[in-house]
């Protein structure tokens, strides 16, 4: 559906709201809307061509998903994690995505999984091309999501999506330097090698090491992307 299609009388209110939600999610993922940025209703009404009511409903659903915060007197604001929230999320990621890597290694020789993994690795593995932050976010997301898909654990995929990890992590990755981006991609190599070797323990351990390193790098560089901690009295 495009913006012109939104004006059609055949388009339901639900379809319009879903379009707005996807538009905003894409904007957050690709950095058009930054953590802490206010989403201004009047501007979005003009840009997308939708009603105030459709935007209000989209904001409510995004807030329920933990992607935006509804702030009194400010409206919808792109969610900004605190330092503590970031550390806690990465600890959860270690467990969930360590399991995803383990299950991918266990299932690598099932059906078409090895071919799917190799195709992904051709796109997401290290190469000599310098990566922009957005391109890194895309490659990183492809790598992590493919592991979940190959593992075949629908409940694990649901948990990761409920935490909005695929949405929140690309925002923070934009704080990384080119050297940090290169290191992060290189850390995917031992994970990939363990999965190709069908070694679940090594895949799990390599993923957890990678995520601990990623957390440390983001905490060191993220600065204004993180929400200030409340001052203790």
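The values are calculated or read from the model by the stated rules, or taken from the named source; none is laboratory data. If you're wondering where the values come from, they're calculated on a predicted model, not measured in any experiment. In this analysis, Cβ positions are derived from the backbone assuming ideal geometry, glycine residues included, and neighbour counts consider all displayed protein chains.
General observations
- Within segment 97-117, the set of residues being at pLDDT 95 or above and surrounded by fewer than 14 Cβ atoms within 10 Å (Cβ to Cβ) comprises 109, 110, 112, 115.
- Verdict on residue 160 being over 26 Å from residue 69 (Cα atoms) and surrounded by 14 or more Cβ atoms within 10 Å (Cβ to Cβ): no
- Test: residue 161 is assigned by TED's automatic domain parsing to the domain that holds residue 131, modelled with pLDDT of 85 or more and within 19 Å of the chain's Cα centre (by Cα): no
- Annotation: of all residues in segment 214-233 being modelled with pLDDT of 70 or more and part of a loop (DSSP other than H, G, I, E, B), the one that is nearest to residue 173 (Cα to Cα) is 226.
- Residues in segment 102-124 that are within 18 Å of the chain's Cα centre (by Cα) and closer than 20 Å to residue 213 by Cβ: 124 alone.
- Checking 211, 131 one by one, the residue that is outside any helix (DSSP H, G or I), modelled with pLDDT of 80 or more, in contact with a helix residue (DSSP H, G or I) (Cβ under 8 Å, 6 or more places away or on another chain) and surrounded by 16 or more Cβ atoms within 10 Å (Cβ to Cβ) is 131 and no other.
- Condition broken by residue 142, with the remaining ones in (1) in a loop (DSSP other than H, G, I, E, B); (2) at pLDDT below 95 satisfied: (1)
- Residue within segment 152-159 that is within 15 Å of residue 101 (Cβ to Cβ) and not in a helix (DSSP H, G or I) present: yes
- Residue 99 falls short on exactly one of the conditions (1) within 29 Å of residue 208 (Cβ to Cβ); (2) outside the structural domain of residue 208 (by TED's automatic domain parsing), and that condition is (2).
- Any hit, segment 108-116, residues being in contact with a helix residue (DSSP H, G or I) (Cβ under 8 Å, 6 or more places away or on another chain), closer than 14 Å to residue 188 by Cβ and assigned to a helix (DSSP H, G or I): no
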